[in-house]
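Below is one structure, written out as structure tokens; the observations come after it.
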Amino acid sequence: MADTSLDKGAGGAPPAPTRREVYEAGVRKRANRIALISTASVVLALVVLIPLAPGWEDVKRAFFNGRVFAATFPGLLEAFLLNVMIFAWSAPLIALTGLAIALCRDTRSPALFPLKLFGIAYTDIFRGLPVVLVIYIIGFGIPGLGLPRPWNSPYIWGTLALVLVYSAYVAEVIRSGIDSIHQSQRSAAASLGLSERDTMRYVVLPQAIRNVVPANMNLFIALQKDVALLSFIGPVEIFRQAGVYKSLYANFTPYVGAALIFLALTIPATRYADYLMNKQNLARR
Amino acid sequence: MSVKLSLSGVRKSFGANEVCRGIDLDVAEGEMVCLIGASGSGKSTLLRCMNLLEPIDDGTIHLDGVDISEPGLDPQPVRQKIGIVFQSYNLFPHMTATENVMLAPRRVRGLSRDALRPRVTELFTRFGLKERMEHYPDQLSGGQQQRVAIIRALAMEPEIMLFDEITSALDPELVGEVLDVLRDLHRQGMTMVLATHEMGFARELADKVCFLDAGRILEQGPPDTLFTAPQEERTKAFLARVI
Ligand SMILES: Nc1ncnc2c1ncn2[C@@H]1O[C@H](COP(=O)(O)OP(=O)(O)O)[C@@H](O)[C@H]1O
Ligand SMILES: [Mg+2]
């Protein structure tokens, strides 16, 4: 592509399209037209058919009530701030713990074998449990010991539960990143006399972590959603707030509002992670 | 001239595959030794054994008369004295050329960036890369990357340099610039061991050429003798194929 524009665009005028470009433009145009027509017909069918369902009026009243939506949406947004806060302090803790566990699992020195064993047990256990179960066990279990304030706070133990579970996943992702760094990089570092520790810190980890940014982003998007599970042990975040509104108005619209708020955040984030992932795959080719 | 590096009876296996089958080799101070031989004959492995990247199974390696092949010996001080450059450069892709070069002197020898700057700049200048110091490896041509890799090894001020087919991955027009660097080093009196397919170069500069065949040094000698009057049939066959 670069050379055609070089030899044809020399005079500053746009180069005339090549035969191939004309052909490809035609193909593209046809593909776009087909995609547009098929999408439009599906949407049309949905819009026409769904309201024909016998229960549609009830569903509309229960889930898509404009008045309830307007009344509850600001409150939901405010409650969502709590989700954001819990996320904001959990995420760095998870990243650090995940890194530490990954390094534990990767140690080769026999003296540190117990650490390695710990790392393996940790990732096996916390990846093997449903998040909500860990939240229940820790969130109800530990404050049940009758600890004094502030040590009975559901925020602390809820956060701990999230950190435990998510750092196990992050650790596995980081470890796969470490494994993906070619042995020749370690050889090069060793041949310069670098210690194993420095090799890990300056050569392997920076590359490994960069490689797994997209995968970790997907984990943190999942975390943002799972913060809502803390509502089971107390904090009135958006999901719980939506529940409160639901009872108040005897209407499900607040849940739809909450869903929209989540999507407004997670869809762009997911798109961005995909974009990073694609970029990386392209660069690797 | 005194013997700098001395291998005797070196053996190395990967599983059942015996790759070095009793190698005896002396490298004198300031000497350039070239290892030639077919692919798979064990050249890379032998080089990697020399700076302890691969532990040897049997035999001894002496550096300045000291046995460095003792099992359990800390390899790091040895590796500082014996630099190696690989066929595939193996630069650290997330660091600029300068950072690549400075990492080991900073971490291993505890020198600061400022203390290193003059010498590193001088090395880059000497090898024609002064303009490329802040570039990342993927912004450099193969020949430039390979020269950075050489500078990176030299920055540790090694006493011996090992080169493993460092021009094999390069486009033909880039080979010359890297060979020039080797000529320069040889002139400066660096002790070097090269695995190479550049027969012309070996013939021009080597003090000693060793023909490796299936993990043994089948024949060794000054290039004039080895290239013009090889004794062994297998050496003759190999040379007939590559020249
Ligand atoms: N790390 C390794 N593990 C297993 N086998 C190896 C390894 N490195 C080299 N070999 C084997 O050793 C033999 C010699 O390889 P090498 O030293 O690379 O030869 P050369 O550099 O002369 O081509 C080959 O058969 C190769 O498969
Ligand atoms: Mg080789």
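The values are calculated or read from the model by the stated rules, or taken from the named source; none is laboratory data. None of these values were measured; they are calculated from a predicted model. Please note: Cβ atoms are built from the backbone with ideal geometry, for glycine as well, and neighbour counts cover all protein chains shown.
Results, tabulated for the structure shown:
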read-out	value
Qualifying positions in region A:175-226 - within 9 Å of chain B (Cβ to nearest Cβ) and among the hydrophobic types (A, V, I, L, M, F, W, C)	A:188, A:189, A:190, A:192, A:194, A:203
Flag if residue B:234 is under 26 Å from residue B:98 (Cα atoms), of a type outside the set (Phe, Trp, Tyr) and free of Cβ contacts under 8 Å to residues at least 24 places away in the same chain	no
Any chance residue B:39 is at pLDDT below 95, out of contact with any strand residue (DSSP E or B) (no Cβ under 7 Å at 6 or more places or on another chain) and farther than 20 Å from residue A:191 by Cβ	yes
Single residue of region B:152-180 satisfying the filter (crowded, with 22+ Cβ neighbours inside 10 Å and more than 14 Å from chain A (Cβ to nearest Cβ)) that is farthest from ligand 2 (Cβ to nearest atom)	B:178
Single residue of region B:156-172 satisfying the filter (in a strand (DSSP E or B) and under 13 Å from residue A:192 (Cα atoms)) that is nearest to ligand 1 (Cβ to nearest atom)	B:162
Residue check for residue B:30: in contact (Cβ under 8 Å) with a residue 40 or more places away in the chain, in contact with a Gly (Cβ under 6 Å, 6 or more places away or on another chain), away from ligand 1 (no atom under 16 Å from the Cβ) and farther than 30 Å from residue A:208 by Cα	yes
Yes/no for residue B:204 being within 28 Å of residue B:12 (Cβ to Cβ), acidic (Asp, Glu), out of contact with any Pro (no Cβ under 6 Å at 6 or more places or on another chain) and without any contact (Cβ under 8 Å) to a residue 40 or more places away in the chain	no
Residue tally, condition touching a Ser or Thr at 6+ places or on another chain (Cβ under 9 Å) and more than 12 Å from chain A (Cβ to nearest Cβ), over region B:88-112	1
Residue list for region A:179-198, restricted to those being surrounded by 20 or more Cβ atoms within 10 Å (Cβ to Cβ) and in a helix (DSSP H, G or I)	A:188, A:189, A:190, A:191
Condition check for residue B:17: within 14 Å of chain A (Cβ to nearest Cβ), within 16 Å of ligand 2 (Cβ to nearest atom) and not small (Gly, Ala, Ser)	no
Residues of region B:21-63 classified as within 13 Å of ligand 2 (Cβ to nearest atom) and away from chain A (no Cβ under 14 Å), total	10
Residues satisfying the stated conditions in region A:241-285, i.e. touching a Ser or Thr at 6+ places or on another chain (Cβ under 9 Å), of a type in the set (Phe, Trp, Tyr) and within 17 Å of residue A:82 (Cβ to Cβ)	A:245
Residue A:165 vs. criteria buried (at least 19 other Cβ atoms within 10 Å of the Cβ), touching a residue at least 12 places away in the same chain (Cβ under 8 Å) and out of contact with any Cys (no Cβ under 8 Å at 6 or more places or on another chain)	yes
One residue from B:147, B:79 being among the basic types (Lys, Arg), away from ligand 2 (no atom under 16 Å from the Cβ), facing chain A (nearest Cβ under 9 Å) and in a helix (DSSP H, G or I)	B:79
Matching entry among B:194, B:239, B:212, B:205 (being among the aliphatic types (A, V, I, L, M) and under 30 Å from residue B:111 (Cα atoms))	B:194
Set A:40, A:62: member being more than 30 Å from residue A:237 (Cα to Cα) and either touching a residue at least 24 places away in the same chain (Cβ under 8 Å) or part of a helix (DSSP H, G or I) (or both)	A:40
Cβ pairs under 7 Å, 6+ apart, first in region A:109-137 and assigned to a helix (DSSP H, G or I), second of a type in the set (Gly, Ala, Ser)	A:122/A:168; A:123/A:168; A:123/A:171; A:126/A:168; A:127/A:168; A:134/A:161; A:135/A:158; A:135/A:161
Hits in region B:82-102 - residues which are of a type outside the set (Gly, Ala, Ser), closer than 22 Å to residue A:208 by Cα and more than 16 Å from ligand 2 (Cβ to nearest atom)	B:91, B:92, B:93, B:94, B:95, B:96, B:98, B:99, B:100, B:101, B:102
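To keep it simple, each residue is scored yes or no on (1) under 18 Å from residue B:207 (Cβ atoms); (2) surrounded by fewer than 14 Cβ atoms within 10 Å (Cβ to Cβ); (3) basic (Lys, Arg).
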site: B:5; (1), (2), (3): yes, no, no
site: B:12; (1), (2), (3): no, no, yes
site: B:19; (1), (2), (3): no, no, no
site: B:51; (1), (2), (3): no, no, no
site: B:54; (1), (2), (3): no, no, no
site: B:90; (1), (2), (3): no, no, no
